[in-house]
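Notes follow the structure.
The values are calculated or read from the model by the stated rules, or taken from the named source; none is laboratory data. Just so it is clear, the model here is predicted, and its values are computed rather than measured. Virtual Cβ from ideal backbone geometry, glycine too; neighbours counted across all protein chains shown. These area figures cover heavy atoms from the full protein model, side chains too; ligands, DNA and RNA do not enter into them. Shrake-Rupley method; radii C 1.70, N 1.55, O 1.52, S 1.80 Å.
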Amino acid sequence: LLATKAYKWKEYKSDAMGKMAELSDYYTGKQALTKVIRNEGLVSWFKDMGDEIGSLSYKEVYAAVTGRKIQHCIKALEDVEQFEVIDCNFHVKSFLCEVRDLLMQMVRIVGVKDEIIHTLKAITDMSYGWEVCKEYSNAIHARVQANPTTVTLLRGF
């Protein structure tokens, strides 16, 4: 997970930026087979949102700040979806949903740190150990019932 963190971050970031650029181009009204009236405000907004996504950094020093910035971007995308021009267009709403999903993946990636991986490993090891203890509890009970002095064998060193 840590080995692919940078790669996945770059992949999700470039995908999100690309989708914002496509939406910006879409509202220029110049694309073939689209009957969209040019909306300079949306062109500028989607371009600026793409730039904002492009400025995000996944370095651990900035993890909390980056996470908050991404949350603000997600909120802004949800807000812009309420505009009638966008709300009526299924393809644009689909693009916005995909970008929000990419940003959520970026939030998850920025939150992954060495300490969390080590903690998760310790928890899974403990969980495995607990399950193993459950398997042996009947055998331990039977042995203690047969010879109560074997309880001293259960003490730690």
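Figures for the structure shown
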read-out: Accessible heavy-atom area order of C133, C73, C97, highest first, probe of 1.4 Å; value: C133, C97, C73
read-out: Relative contact order (%) - the chain, alpha-carbon pairs under 8 angstrom, separation at least six; value: 24
read-out: Area accessible to solvent at F83, 1.4 Å probe radius, in Å²; value: 110
read-out: Per residue value of the accessible surface for the range 110-157 (all protein chains in place, 1.4 Å probe), Å²; value: 91
read-out: Of every Cα-Cα pair in the range 1-88, the percent that sits beyond 16 Å; value: 59
read-out: Relative contact order of the range 1-66, defined on C-alpha pairs under 8 angstrom at six or more residues apart (%); value: 31
read-out: Sparsely packed trypsin sites (Lys or Arg not before Pro) within the range 99-157, loop by DSSP, other Cβ within 10 Å at most 15; value: K113, R155
read-out: Debye intensity ratio I(q)/I(0), log10, the range 69-157, q values 0.16, 0.17, 0.25 Å⁻¹ (C-alpha model); value: -0.80, -0.85, -1.15
read-out: Filter on K35/K75; K8/K93; K8/K30; K10/K121; K30/K59 - keep pairs with C-alpha separation over 31 Å; value: K8/K30; K30/K59
read-out: Tail weight of P(r) past 11 Å, computed on alpha-carbon pairs of the range 85-129, percent; value: 72
read-out: Helical segments meeting 24 Å axial Cα length and Kyte-Doolittle 0.5 threshold in the chain (DSSP H); value: 90-111
read-out: Calculated SAXS-style log₁₀ I(q)/I(0) at q = 0.18 Å⁻¹ - the chain, Debye, Cα scatterers; value: -1.05
